[in-house]
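Reading through the C-alpha cells given below for one structure.
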Amino acid sequence: LTSSAVPFGVVCQPLADVPLAEGKIPVIDFGEAGPVRCERCRAYVNPFFTFLDGGRSFQCNLCGMVNSTPRDYFCEIDHNGNRRDQNERPELCHGVVEFVAPAEYQARPPLPPPIVFLVECSFGAVSGGIFQAVIASLRALLPGMPPESRI
C-alpha cells in the first residue's frame, strides 16, 4: 500500500442495523466547537456518559475520566441524574447518530476519491480481444471524466 500511494480504507459497522421504526439516522451539528468529547480517549458524547455535579461534569463510559461539561452544552440533571434535555438530544437518546465534523478535524480539504482500473491481461483475455476492447473503452471514457478526477 505504501509504494502504490493508493489510499486504503475500511468501513466497519460494529452495531446492529437501525430499525426502520427509528427512522433516519440523526445528523448533529455542534458548529465550530465540534461534538462534545472525552478529553482523554476522545470518545464522542453518547447515551452512556454519566452527568455529575448537577450537570457541570460528565464521566466517560469508555475510559472513566471525569470531564467538565462545556458551558454551551450544560443542562441541569434531574433527581435520577439524567439531563433534563436528554430526550430532546439525539446523541443522548439514540444508539447511532452522525456528527458533522468541524473544519479543525480535517488535516486538509477532502480530495475526490481515487479511481483505479484493474484490467485483466491474462493470455485468454489478450488472445480473445477482451484486453484490447477494455483499453479502447477506457481511452474513450477518460476524456469525459471531470478534470479533478484522481486516476
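Every number in this text was worked out from the coordinates using simple rules, so none of it is lab data. Remember, it's a predicted structure, so these values are computed and weren't measured experimentally. Glycine gets a Cβ as well: all are built from the backbone with ideal geometry, and neighbour counts include every protein chain shown.
What the table shows:
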| item | result |
| --- | --- |
| Nearest-0.05 FRET efficiency for Arg108 and Val27, computed from C-beta distance (R0 22 Å) | 0.45 |
| Cα-based helix-to-principal-axis angle, 130-141 vs the chain, degrees rounded to 10 | 60 degrees |
| Loop sites in the range 39-132: trypsin sites (Lys or Arg not before Pro), DSSP, at most 11 other Cβ within 10 Å | Arg42, Arg84 |
| Loop-located chymotrypsin sites (Phe, Trp or Tyr not before Pro) in the range 52-151 whose Cβ has at most 16 other Cβ within 10 Å (DSSP) | Phe74, Phe117 |
| Mean Cβ count within 10 Å, highest first, over the residues of peptides 48-54, 144-150 | 48-54, 144-150 |
| Restricting the range 7-99 to GluC sites (Glu not before Pro) in coil, as DSSP defines it, with at most 12 other Cβ within 10 Å | Glu39, Glu76 |
| Global form of the range 111-151, assessed from the alpha-carbon gyration tensor, a/c cut-off 1.5 | oblate |
| Ratio Rg/Rh [Cα only; Rh per Kirkwood] for the chain | 1.20 |
| The chain: Cys lacking any partner C-beta under 4.7 angstrom | Cys12, Cys75, Cys93, Cys121 |
| Residue (of Met65, Met145, Val10) at the positive-pole extreme of the chain, dipole from beta-carbon charges | Met145 |
| Pair Ala5, Cys121: separation of 7 Å Cα→Cβ label points (nm) | 1.9 nm |
